[in-house]
Every structure is written in structure tokens, then in C-alpha cells.
Amino acid sequence: MSDSSKPPKTPNTKGLAGVTAGETHICTVGKEGVGLTYFGYGIHDLCEHCGFDEVSYLLLHGELPNAAELSTWQAELVARRELPDALKDTLAAIPKDAHPMDVLRTGVSMLGCLEPEDMFESGPRDGREVAVRLLAAMPGMLCFWYHAAHHGKRIELDSGEPTLAGHFAELLSQAEPDPLIREVLDTSLILYAEHEFNASTFTGRIVTSTLSDMYSAVTAAIGALRGPLHGGANEAAMALIEQFNSPDAAEAAVMEMLAKKTKIMGFGHRVYKISDPRSDIIQEWSRKLSEQRAAKGNPSPLYAVSERIHAVLKREKNLFPNLDFYSASAYHFCGIPTEMFTPIFVLSRVTGWTAHNLEQRANNRLIRPSADYVGPPTRNVTPLAERS
Ligand code: COA
């Protein structure tokens with residue numbers, strides 16, 4: 001085929017960068033280069049004035065709740081926390097060294113076998129009740145496995161905590177959570193809840209577009225979130241910062257990594273080009289937790305190490321931290337095991353995923369893009385006996 005007869009190539013869309021793949025009412029990312037809104041509310045405004053349970057309601061209903069609606073919502077979530085025995089048995093059988101992301105992926109899939117969509121009162125194709133069930137059940141799923149696998153103990157799932165953040169903190173620590181830790185977790189759940197057509201959300205929308213069920217979409221989304229270029233970056237950031245016991249040691253090592261063109265996890269973003277508006281908020285909590293720790297006589301170099309890496313990346317590459325970078329030290333100071341960092345992202349992002357799946361259902365068309373073919377020209381099959 002001569003060059004002139006080749007079909008025109010589409011512009012370079014590797015990674016679908018810059019491609020608008022649909023419409024959404026739910027979220028804007030980077031509208032002014034830096035912003036993040038959920039149904040029109042800015043992320044700073046939400047963090048200052050709301051708790052995560054208000055934000056989860058917002059994402060699944062499109063409006064913030066009034067006081068009565070919030071207490072009904074929290075009661076509904078509390079009522080849906082318990083897990084079926086068959087799911088507990090499955091979770092207890094998962095080995096201790098499994099990654100908790102795999103535990104959640106398995107747990108969601110198993111719940112889909114035990115409580116399929118068509119068993120809910122609203123019937124198949126509604127999905128809203130499954131969204132609420134998943135949001136309510138996931139902290140228990142994660143913590144039930146954790147204590148069964150690590151401590152040989154089948155924990156009760158009825159904490160006295162009305163909020164999802166407090167419930168998770170209590171199940172994980174098996175004690176009443178420190179108020180500061182509860183607050184940090186609550187804020188971080190708001191920050192992680194929704195981010196437009198990111199890789200995991202888009203994965204879920206693709207699954208939903210085939211008319212598949214909510215459990216399948218969420219299971220697939222968990223798989224997409226697991227990778228270090230997406231949700232796994234908070235764990236990878238922790239693996240980096242915990243190597244250093246001083247800012248100077250961190251600077252020397254990061255300079256070497258940059259010279260070798262190694263990516264520093266927790267920095268950069270596909271959409272944000274100036275800064276990630278969520279980073280300042282979680283950085284401030286990391287700083288407060290670090291100070292609290294020092295005041296209790298247990299200082300840690302991690303916040304100072306993180307600040308130095310931040311300064312080096314800014315100076316050398318003009319790169320900014322994304323939400324995952326300071327989340328690592330913040331979660332660590334909350335006493336959360338590193339392997340739980342990305343699963344916490346799931347406990348929150350399930351709201352964004354399910355909101356998008358419901359939006360996709362409401363105005364569905366199968367998502368099926370095209371590709372520019374760059375393989376061998378059309379040819380005939382040589383029979384097996386004649387192939388060299
Ligand atoms: N560390 C070092 N350099 C980085 C970097 C990082 N974290 N993120 C981007 N860069 C550099 C790239 O090496 C590239 O440089 P080059 O033009 O000299 O090759 C340039 O910045 C553009 O990066 P690119 O990888 O093309 O951006 P992207 O849009 O494809 O990827 C991310 C965006 C998020 C995948 C990328 O920034 C990254 O891998 N970050 C680390 C993982 C992470 O924190 N993920 C969570 C995102 S919320």
C-alpha cells in the first residue's frame with residue numbers, strides 16, 4: 001500500500017492521554033489546572049465542612065444530605081456491615097501473605113455469589129443497593145481477614161462507631177480510635193473518594209457498559225487500582241521513605257534515582273500539571289501527626305524525609321507530590337500497616353466507582369474504542385507441515 005493510500009493515522013493517543021471518553025455529572029479534575037470538585041463542591045470546602053459519610057451520600061445521591069438524611073444514611077450503612085458466614089470462611093482461608101488488595105478483590109467477588117444483584121428488593125439492573133452494601137461491608141471484609149490471618153482471631157464486625165472511618169479504625173486496631181487518627185482517616189477517605197475517568201473508574205465503566213453486574217465492575221476496578229502507577233503508589237511511596245533516617249540521606253538517594261531515570265512513586269499526575277489539590281490537605285495532616293508523635297516522645301524522621309524529597313523533586317524536575325505521597329507518612333503515623341494503604345483507597349473509592357457505574361447504566365452504550373493497526377500486512381496461512 002503506498003503512503004498516500006494509507007488511512008490517515010489518528011493523533012498519538014498513547015494511554016488515551018487528553019482523550020475525552022464520555023460525559024459525567026460527578027466530578028471535575030484539573031479544570032483550572034489544579035481543581036477537584038464532586039458534584040460542584042470543591043475538595044477543600046468538602047474537607048473543611050463535611051465528613052466522609054456526607055461525601056459518600058453526595059456521590060451516590062448527587063446532593064449533600066441534611067441532618068436527618070445523614071443519620072438515616074449512617075444507620076443504613078451500620079445495618080449493612082455484617083458479613084455472611086460463607087464469606088467469613090472464605091476470607092479466613094486466604095493466606096496471611098496474600099496482598100489485602102487480592103483479599104478485597106476476592107471478597108467482593110464472593111459477596112457477588114452470595115448476594116447477587118437480583119436478590120435485592122430493587123431488583124437487577126438497579127445496583128444502588130449493591131453500592132450501599134459494598135461500601136458498608138468492605139471495612140469488615142478487610143479487617144476480618146487481617147485479624148484471622150495475622151492473629152488467628154475471628155473478630156466481631158459490630159463496632160460502636162457510627163462513621164465509616166471510625167468503624168474501620170476500630171476494627172483494625174480492636175480499640176477505640178484516637179480522635180486525631182479518626183479525623184485523619186475520615187479526611188483521607190474524602191480525598192480518595194472520586195477522581196473522574198481515572199484508570200480504575202474507567203475500567204468499572206467499561207465492565208458496566210457490557211450490562212454486567214456491579215460486583216464484576218468493582219472487582220475489575222480493584223484489579224486496576226492495585227498497580228503502582230495508580231493506587232499502589234501510596235505503598236510504593238512508603239517503601240521509598242522508610243529507607244531513610246535523615247533528609248540528607250533521602251536527598252542523596254533520590255538524586256541517584258533521578259540520574260538513573262527511576263520514577264519516584266507519589267509524584268506526577270496524568271491530568272494535574274501544576275499541583276494536586278489533595279496533596280496540601282494530607283500533607284498538613286501528616287505534619288500534625290508527626291508533631292503529635294514527637295510530643296509523645298516518639299519522634300520519626302519520616303515527615304522531614306518526605307518534605308526533603310518533595311523539595312528535591314520540585315527543584316530537579318518541577319514535579320509535585322500527588323495524594324499518595326504524604327498519605328504514606330500520614331497512614332504510617334496512624335499505625336496502619338503499609339499493605340493496608342491501597343485497600344483504604346478502595347474503601348473510599350468504591351463510592352466513586354459505584355456512582356460512575358450507576359451513571360453509566362443510566363445512559364449506557366457499549367464502550368468499545370478502535371485501534372490503529374500497526375501489525376503485519378494481510379497474508380495467507382501456510383499449512384503446518386510446510387512451515388519451517
Ligand atoms: N518520577 C520521576 N519522573 C517522573 C515522574 C515521577 N514520579 N512522573 C513523571 N515523570 C517524568 C517522566 O519520566 C517523563 O519525563 P521525560 O519526558 O523526560 O520522559 C515526564 O515526567 C512525563 O511523565 P509521564 O510518565 O509521561 O506521565 P504520564 O502522564 O504518562 O504518567 C503518572 C503519569 C502518574 C503515571 C506518572 O507521573 C507516574 O508514574 N508517577 C508515579 C506513580 C504515581 O505516583 N502514581 C499515582 C498517580 S495519582
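The values are calculated or read from the model by the stated rules, or taken from the named source; none is laboratory data. Not measured: the values here are computed from a predicted model. Backbone-built Cβ (ideal geometry, glycine too); neighbour counts: all protein chains shown. Ligands, DNA and RNA are excluded from the accessible area calculation, which covers all protein heavy atoms including side chains. Shrake-Rupley method; radii C 1.70, N 1.55, O 1.52, S 1.80 Å.
Of the residues that sit in the stretch 202-237 and are within 16 Å of the ligand (Cβ to nearest atom) and outside any helix (DSSP H, G or I), which one is surrounded by the most Cβ atoms within 10 Å (Cβ to Cβ)?
Ranking the qualifying residues of the stretch 202-237, first place goes to GLY231.
For the stretch 290-313, give me each residue that is under 25 Å from the mean Cα position of the chain (by Cα) and farther than 15 Å from LYS263 by Cβ.
SER290, LEU302, TYR303, VAL305, SER306, GLU307, HIS310
For the stretch 39-52, does any single residue satisfy the condition of being open to solvent by less than 70 Å² (accessible area, probe 1.4 Å) and assigned to a strand (DSSP E or B)?
Within the stretch 39-52, one or more residues are open to solvent by less than 70 Å² (accessible area, probe 1.4 Å) and assigned to a strand (DSSP E or B).
Is it the case that some residue within the stretch 335-352 is small (Gly, Ala, Ser) and touching a Pro at 6+ places or on another chain (Cβ under 6 Å)?
So far as the stretch 335-352 goes, no, none of its residues is small (Gly, Ala, Ser) and touching a Pro at 6+ places or on another chain (Cβ under 6 Å).
Return the residues of the stretch 308-325 that are crowded, with 19+ Cβ neighbours inside 10 Å and either of a type in the set (Asp, Glu) or in contact (Cβ under 8 Å) with a residue 60 or more places away in the chain (or both); say none if nothing qualifies.
Across the stretch 308-325, the qualifying residues are ARG308, ILE309, VAL312, ASN322, LEU323, ASP324, PHE325.
Could you check the stretch 81-104 and list, in sequence order, the residues that are within 21 Å of the chain's Cα centre (by Cα), part of a helix (DSSP H, G or I) and surrounded by fewer than 20 Cβ atoms within 10 Å (Cβ to Cβ)?
ASP102
Would you tally the residues in the stretch 146-175 being under 20 Å from ALA79 (Cα atoms) and either not assigned by TED's automatic domain parsing to the domain that holds PHE39 or not polar (S, T, N, Q) (or both)?
So the count comes out to 17.
Let me confirm something: among PRO343, PRO299, PRO337, PRO277, which residue is within 13 Å of the ligand (Cβ to nearest atom) and either open to solvent by 20 Å² or more (accessible area, probe 1.4 Å) or not hydrophobic (A, V, I, L, M, F, W, C) (or both)?
Among PRO343, PRO299, PRO337, PRO277, only PRO277 is within 13 Å of the ligand (Cβ to nearest atom) and either open to solvent by 20 Å² or more (accessible area, probe 1.4 Å) or not hydrophobic (A, V, I, L, M, F, W, C) (or both).
Could you tell me which numbered condition TYR192 fails, if it satisfies all but one of (1) within 11 Å of the ligand (Cβ to nearest atom); (2) touching an Asp or Glu at 6+ places or on another chain (Cβ under 8 Å); (3) among the hydroxyl-bearing types (Ser, Thr, Tyr)?
(2)
Out of the residues in the stretch 169-189 meeting the condition of being outside any loop (DSSP other than H, G, I, E, B) and more than 22 Å from GLU284 (Cα to Cα), tell me which one is most open to solvent (accessible area, probe 1.4 Å).
Residue satisfying both the conditions and the ranking: SER173.
Taking THR354, is it more than 16 Å from the ligand (Cβ to nearest atom) and open to solvent by less than 10 Å² (accessible area, probe 1.4 Å)?
Spelling it out, THR354 is indeed more than 16 Å from the ligand (Cβ to nearest atom) and open to solvent by less than 10 Å² (accessible area, probe 1.4 Å).
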